[in-house]
Amino acid sequence: MIVKITNFDETAEIPFIDYEISGLSQNQMDFLNENLDEETSIGEGILKIRLYFKEVFPFQSEVAKIRLDDFIAREEIEMNVFLSSFLDDM
């Protein structure tokens, strides 16, 4: 599974992060699409997830602004771990 952050906006009315997940079977994508609470869609073999942040946005600190690539990589890893554990229930 490959998790990639494709977009984020901390200044939106409700801040969000967009993820694209590839390397999943169609069954895995369907399972996640049907069972995740987040906004999801499937297109061209890619699962797209939009995660909204109502309280703490992961990239809002001053350190995140300086080392944004590190924070993005960490967020991608965390989503990968979350989705992997979610797929264990499949």
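Tell me the angle of helix 26-35 to the major Cα principal axis of the chain, expressed in degrees between 0 and 90 and rounded to the nearest ten.
Compared with the principal axis, the helix lies near 60 degrees.
Hey, in the GNM for the chain with a 10 angstrom Cα cutoff, which one of E20, E44, E75 fluctuates hardest?
E44
Longest exposed-loop-site-free stretch of the chain, with trypsin sites (Lys or Arg not before Pro), DSSP loop and at most 16 other Cβ within 10 Å? Intermediate values should be presented prior to the final figure.
Details: sites that count: K54, R67.
Within the chain, the longest run free of exposed trypsin sites (Lys or Arg not before Pro) spans 1-53.
Round to the nearest 10 and give me the degree value, 0 to 90, for the angle of helix 68-87's Cα axis relative to the longest principal axis of the chain.
30
Between E34 and V81, what is the label-point separation in nm under the 7 Å Cα-to-beta-carbon projection?
2.9
Rule-based calculations on the coordinates, nothing more; no lab input. Computed from a predicted structure; not experimentally measured. Note: ideal-geometry Cβ built from the backbone for every residue, glycine included; neighbour counts use all protein chains shown.
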